[in-house]
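The values are calculated or read from the model by the stated rules, or taken from the named source; none is laboratory data. Note that the structure is a prediction, hence the values are computed from the model and not measured. Counting neighbours? That spans all protein chains shown, and the Cβs are built from the backbone with ideal geometry, glycine included. These accessible areas exclude ligands, DNA and RNA; they are computed on the full protein's heavy atoms, side chains included. Shrake-Rupley method; radii C 1.70, N 1.55, O 1.52, S 1.80 Å.
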Amino acid sequence: MAEAMGKLGHEVELIVPYNGKGDSIYEYYGVSRVFKLKSIPSAPGVSMRHTLHGFQSAIYTGLIREKFDIAFSRNIFYAFLSTRFLKVPTIYDAHHPIANTAARIVFSLFRESEFLLKLVAISKGIGDIYLKLGLSKQKLTIAPNGVDIERFNQKLTATEARNKLGLPQERKIISHIGNIYPGRGIELLIEAALEFKNSLFLIVGGEDRDIERYKNQAKKIGVDNVIFTGFVPPSIISLYFFSTDLLILPYTSKMTSKFKRIETDFASLLKLPEYMASGRPIISTQIPAVSEFLRDGENAIIIDPDSTSAIIWGIKKALSNKNLCEKIAKQAAIDAKKYTLEERAKKILDDVQI
């Protein structure tokens, strides 16, 4: 988002907790240097580190108040401090519902502030949650997660991408790219892999504890055609999209977040616009979180959730129908242009008056 705002001509400074990477953050995330980066001391492993970062950021922005016009933050404690005490025009970018009672109290203390310019929710479901907590409808903007479309304009061939990643050329590759928390259907995908012994299944991303659990499952049922890559730096993630034949979102009706909340109805999936922009055919289960983006037979193959047999059916349908795959992949790439990070930044900033 900092890069997108910078490319639109705004002067942007991104305040992050110090993590030792320094300026290499630009290269690590594959973003251009169109914004300034400010690292402030952090407290890794401390349970209150997000609150601490919000407090430290408030001190820093208070000291440089005359140098900026707007604060844009995903940190609810910072939004509270900036609106109530610093009196800075603030945009709060809500990617999750209120997490606990303390956060609910904090939100109640600044939701009516004249300095809260707007609350941006990444899905209608999340927006509705904040409206029920007393947010004025006039202050709500719905802006789903976006994609850095330039990363997918390279249009590498699958052969070129696989060469770079050391992946086999002769096998069909079916990939899930993104988080693999419980409820994301990875266990069903592993079961489905038994049906496609000649194909390679890539699970790209995920935390170590989840990967270990799924590896144990695969070993137990005799699945040997699934590869877990673990975390992949954002700067090279597009190579995995380009290397694949099919992309799959096997989410269940009890899809969870990192915080173990069931978010089937209101999540906005960070990777979904990237799936669409990649120009690869998508298979997805039918849950509310994807219905805004994907339509069966138009830009995706939609299947029932909670079913290994449905996943198998969807994969067989895709592998046996080249024309359908070309059609849905092409339409998804066209649709993705509505969800670029720069379009998201425009939607958030263009009507802001200070």
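With r as the distance between the Cβ atoms of residue 197 and residue 153 and R0 = 41 Å, compute the FRET efficiency 1/(1 + (r/R0)^6) and round to 0.05.
Working: r = 35 Å, r/R0 = 0.86.
Once rounded, the FRET efficiency stands at 0.70.
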### Query
Suppose every K and R has +1 on its Cβ and every D and E has -1 on its Cβ; what is the size of the dipole of the stretch 6-132 about the Cα centre, in Debye to the nearest 20?
180 debye
### Task
On each of the three principal axes of the Cα atoms of the stretch 210-312, give max minus min coordinate, whole Å, ordered largest first.
36, 30, 29
### Summary
Computed from every Cα-Cα pair in the stretch 252-354, P(r) in 5 Å bins starting at 0 and rounded to whole percents is 2, 12, 19, 20, 18, 14, 7, 4, 2, 1, 0, 0
### Task
In square nanometres and to one decimal, what's the mean projected area of the convex hull around the Cα atoms of the stretch 27-144?
8.3 nm²
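Quick one: putting +1 on the C-beta of Lys and Arg, -1 on the C-beta of Asp and Glu, what dipole do you get for the chain around its Cα centre, in Debye to the nearest 20?
Details: 48 positive and 38 negative charges, 58 e Å.
In debye, rounded to 20, the chain gives about 280.
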### With DNA, RNA and ligands ignored, accessible area of residue 74 (1.4 Å probe; Å², nearest 10)
140 Å²
### Summary
Given the candidates 153, 229, 140, the one whose Cα lies deepest towards the positive end of the charge dipole of the stretch 115-237, counting +1 at each Lys or Arg C-beta and -1 at each Asp or Glu C-beta, is 140
### Point-to-point label distance, residue 292-residue 24, nm (Cα→Cβ direction, 7 Å offset)
3.6 nm
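Please list the equivalent ellipsoid semi-axes of the stretch 144-292, computed as the square roots of five times the alpha-carbon gyration tensor eigenvalues, in descending order and whole angstrom.
On the way: eigenvalues 97, 85, 35 Å².
Rounded to whole Å, the semi-axes are 22, 21, 13.
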### DSSP beta bridge pairing in the chain, given as percent antiparallel to the nearest 5
5 percent
### Message
Test of understanding: express the Cα radius of gyration of the stretch 158-230 as a ratio to 2.2 N^0.38 Å, with N the residue count.
### Response
1.08
### Query
Based solely on its DSSP helices, what 222 nm [θ] is calculated for the chain when runs of n ≥ 4 H residues each add -39,500 (n - 2.57) and the sum is averaged over all residues, nearest 500 deg cm²/dmol?
-11000 deg cm²/dmol
### Task
In whole Å, largest first, what are the principal axis extents of the Cα atoms in the stretch 285-334?
29, 27, 11
### Summary
Too long for a 20 Å Cα-Cα cut-off, among 219/254; 155/347; 87/347; 271/330; 164/330; 87/139, are 219/254; 155/347; 87/347; 164/330
#### Entry: Accessible area of residue 23 in the full protein assembly, 1.4 Å probe (Å², nearest 10)
90 Å²
### Query
Which whole-number percent is the relative contact order of the chain (Cα, under 8 Å, 6+ apart)?
16 percent
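Can you put 294, 156 in order of accessible area, largest first, using a 1.4 Å probe?
Accessible-area ranking of 294, 156, largest first: 156, 294.
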### Exposure of residue 117 as accessible area (Å², to 10), given a probe of 1.4 Å and all protein chains
50 Å²
### Message
Largest first, please: the extent of the C-alpha atoms of the stretch 68-107 along each principal axis, to the nearest Å.
### Response
31, 20, 9
### Query
Of all DSSP beta bridges located in the stretch 28-171, what percent are antiparallel, nearest 5?
0 percent
#### Entry: Charge dipole (debye, nearest 20) of the stretch 104-252; +1 at Cβ of Lys and Arg, -1 at Cβ of Asp and Glu
280 debye
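The stretch 122-163: percent of C-alpha pairs farther apart than 17 Å?
55 percent
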## Note on the structure
Expressed in µm² per second, the diffusion coefficient of the chain from the Stokes-Einstein equation, with Rh the Kirkwood radius over alpha carbon pairs, at 25 °C and 0.890 mPa s, is 113 µm²/s
### Message
Given the options 37, 182, 348, identify the residue whose Cα lies farthest towards the positive end of the charge dipole of the chain (+1 on Cβ of Lys, Arg; -1 on Cβ of Asp, Glu).
### Response
182
### Pairwise label distance in nanometres, residue 171 with residue 304, each label 7 Å out on the Cα-Cβ vector
3.0 nm
### Query
Quick one: ranking 351, 245 by accessible area, 1.4 Å probe, largest first, what do you get?
351, 245
